[in-house]
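These notes are about the structure you will find just below.
Taken together, the values in this text are just the output of simple stated rules run on the coordinates, not laboratory data. Note that the structure is a prediction, hence the values are computed from the model and not measured. So basically every Cβ, Gly included, is an ideal-geometry build from the backbone, and we count neighbours across all protein chains shown.
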Amino acid sequence: MTGRRGRLGLVSDVEEHRLRAPANLVSPRAKGLWALRAGLGWLVVLVGQAVPLVLSAAARPWLVATLAATAVLGVAHTAVMPWWRYRVHRWETTADAVFTRAGWATQEWRLAPVSRVQTVDTARGPLQQLFGLATVTVTTASAQGPVTIEGLDEAVAARIVDELTATTQATRGDAT
Amino acid sequence: MNEREWGRLNPLMIVVRPLNELLGLVPVLFAILVVGDVDLIRLGIAVGTVVLVVLYGLLSWLTTKYRITESRVELHKGVLFRQQLSIPRDRVRTVDLTAKLGHRLFGLSAVRVGTGKQEAKGEGVSLDAVTAAEADRLRQEFLRRAPEAAAAPVEEHQLSILDKAWYRYAPLSLSGLIGVGAVVGFGANLASELDLGLSDSGAARSLSAWVTSSSTAAVALACVVVVLVFSTLASLVGYLLQNHGYRLTRQADGTLRVRRGLLTTRSVSVEEEKLRGVVRHEPLLLRLGGGARLSAVTTGLASESGSALLLPAAHAAEATRVTDEVLGSRVDVTLAKHPRRALSRRLVRAVTPSVLVVLVLAGLSLTASWPTWPWVTGAVVLVPASVLVAFDRYRGLGHGLTPRHLVSRSGSLNRSTVALERAGVIGWKVRQTFFQRRAGLITVTATTAAGAGGYEVIDVGEEQGLALADEAAPGLLRQFLA
């Protein structure tokens, strides 16, 4: 496939169509956040499975087996996912667009032109506060359009919000 | 009426609102009073309910008022929870006039105003109800852009009108089947609730005698015939109720207007400037019968509730014609196919669940003494059917660009083709699962303020999809391509 000739017959000067990675990494502390969050999630599942084991004296062997399998899965997920995610999660703001990549096994690029941005928010959950991190959410008029950047250093998040607010205020129209 | 003064809803609403509620309860009340054992408690409950409903109607009439100023529409309402709604007039995108049977007896109509905001159900400004004449005045008022323009009746140009021949597409939807199911379930419930003793009646006894004496095949055939007949009738009645008097017109004030309905009449006006596209729905049966349905992609209309309907189930050629008329350009272009690798994904996704079902059923027949016919039927019918569905889904995948629209088609049992205005695209999402990455495929979503908020191009080749997005909205994606 060449991708050089579009369906309208326009000749594209891009040799190969491939999305590049956004320029900036998130804060390295985000790895800790993701690991902690995954660990807590798995802990809930493990405790839920351990309760019947402890309560019933006649512990069934398959209960032990599923518990062990869950533990292995949980440890593997908690160990691998944060590193993988850290390599994937990236963001970039240009003069006219916000561009992010997120996920790990399943990855998603999101792109919103600054001219269509409606609100720019930051949020810090209790776990994020523990790590000094923040999430920036950029919404557009689309119900499916919000662009979120998770695991940013608080200072960086504040800077992005200031920048984006300044550029969006310069843009007129109802952004639909 | 002076436009600065507060208006009230029509006082008849004190009667109409409870009447609409009660009309829905008529079959139940009838059954209770005529057939069931009428005791004092039941009667008391029934009367009490009626009194409460009427009282609530009175209170909500007393507490609701609205006004239209130069720039805003304001509505105050609520009995227990006071609500004050105010929306700028220039944000009004759609006006929906609905008159239920109770409304129509008194010549009233409810007015619902949709704005560009994505609204949850029950939100938004709704005036329930004003006189039909006032409703029509409000419709023109809300969608009038220039304040000086005369409120005289505007010219309209007819785009489409109900054709009796379209009724043959009515049975090709599952709504009839669902309707029959609901009625049977409700009826059975009611019968057992009221101790009607149907099982003792003569008809029921001779029926059960016939069932026990006949062969399984005959009983099954009879069941199928009965269900088919009733669901066909139900879907025809449903089509009549919803689409009687259907008309699609283009008004001179720049709006599209859909009018339809037999008992509950409905008129939906959509501001054309904010119309972002059209979705063509072709569920499997309807598609095999050569029909299609259309709905509008626009802000201010909940896409599920049917208010976005542009054309009910009709001839496919008519659907194409109406689409072209509404969008003002041809969008039935030849669509580009997706890579062959998308077929394997469709196969895996369609066949895996049915294979799992068969395996579970087989396991149950081995271990839990279940009969063998469920998993044999599954293996013989379900698995091949899912393979066929997968092939059809792959055949359905396609995308294309016209000078003004992005076209994307997907689905088999519920095939839909969206033509989305390229100028209405306000961002992109590109998604790649682990397996898509290995197959070099992506799912591209064009986000928009209208309709579902985003429309997907599923399992398109990586380069193909990015080239499409780059070309559809020039200057946006280019800077992020490597």
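Would you mind giving the mean number of other chain beta-carbons within 10 Å of the Cβ of each residue in A:141-154, as a whole number? Could you put the intermediate results ahead of the total?
Numbers: counts 12, 16, 10, 12, 10, 2, 3, 0, 0, 0, 0, 0, 0, 0.
Other-chain Cβ atoms within 10 Å of each residue's Cβ, averaged: 5.
In the distance distribution for the stretch A:90-169, Cα-Cα pairs more than 16 Å apart total 49 percent. Quick one: which of A:Lys31/B:Lys429; B:Lys77/B:Lys164; B:Lys164/B:Lys337; B:Lys164/B:Lys429; B:Lys65/B:Lys274 span more than 31 angstrom between C-alpha atoms? Pairs exceeding the cut-off: B:Lys77/B:Lys164; B:Lys164/B:Lys337; B:Lys164/B:Lys429. In terms of Cα atoms, the Rg and Dmax of the stretch B:338-463 work out to 18.6, 62 Å.
What are the membrane-span-like helices in chain B by this rule: whole DSSP H runs, Cα extent along the axis at least 27 Å, mean Kyte-Doolittle hydropathy at least -0.5? Walk me through the numbers before you get to the answer.
Details: long enough: B:40-63 (34 Å, 2.01); B:216-243 (39 Å, 1.96); B:341-367 (38 Å, 1.24).
Membrane-span-like by this criterion, though nothing is claimed about a membrane: B:40-63, B:216-243, B:341-367.
By the equivalent-ellipsoid construction on the alpha carbon gyration tensor, the stretch B:341-395 comes out with semi-axes of 26, 10, 5 Å, ordered largest to smallest. Each Cα pair under 8 Å and six or more residues apart adds its sequence gap; the mean of these over the residue count of chain B is a relative contact order of 11 percent. When each of the peptides A:95-101, A:79-85 is scored by how many other beta carbons lie within 10 Å of its residues on average, the order from highest to lowest is A:95-101, A:79-85.
Counting Cβ atoms of other protein chains within 10 Å of each Cβ in A:133-140 and taking the mean gives 1. One equal scatterer on each Cα of the protein assembly as shown, no solvent, Debye formula: the resulting log10 I(q)/I(0) at q = 0.07 Å⁻¹ is -0.65.
Among B:453-464, B:368-379, B:247-258, the peptide with the highest mean count of other Cβ atoms within 10 Å heads the list, and the full ranking is B:453-464, B:247-258, B:368-379.
Counting only Cβ charges, +1 for Lys and Arg and -1 for Asp and Glu, the dipole size of chain A around its Cα centre is about 500 debye. Rg over Rh for the stretch B:207-345 works out to 1.14, both radii taken from alpha-carbon positions and Rh defined as the Kirkwood radius.
If you take the alpha carbon atoms of the stretch A:25-86 and fit the smallest convex hull around them, that volume is 55 Å³ per residue. Amide H contacts of A:Gly145: A:Thr140, each under 5 Å away and 5 or more positions distant or on a separate chain (H built 1.01 Å from N in the peptide plane; Pro and chain starts excluded).
Go from 0 up to the bin containing the longest alpha carbon distance in chain B, width 20 Å each, and give me the % of pairs per bin. Pair shares across the bins are 18, 44, 33, 5. Most tightly packed first, judged by the mean number of other beta-carbon atoms within 10 Å of their residues, the peptides B:239-245, B:413-419 read B:413-419, B:239-245.
For a distance above 14 Å, tell me the whole-number percent of Cα pairs in the stretch B:442-482 that qualify. Counting pairs separated by more than 14 Å, the tail of P(r) holds 48 percent.
Could I get the Rg over Rh figure for chain A? Both from C-alpha atoms, Rh via Kirkwood, rounded to two places. Walk me through the intermediate numbers first.
Working: Rg = 21.7 Å, Rh = 19.2 Å.
Value, to two decimals: 1.13.
Computed over the stretch B:199-276, the alpha-carbon pair-distance distribution with 10 angstrom bins reads 16, 23, 19, 15, 13, 11, 3, each value a whole percent. Rounded to whole numbers, the Karplus 3J(HN,Hα) couplings from phi for the stretch B:433-441 are 7, 3, 6, 5, 4, 5, 8, x, 10 Hz, using 6.51 cos²θ - 1.76 cosθ + 1.60 with θ = phi - 60°, and x at Gly and Pro.
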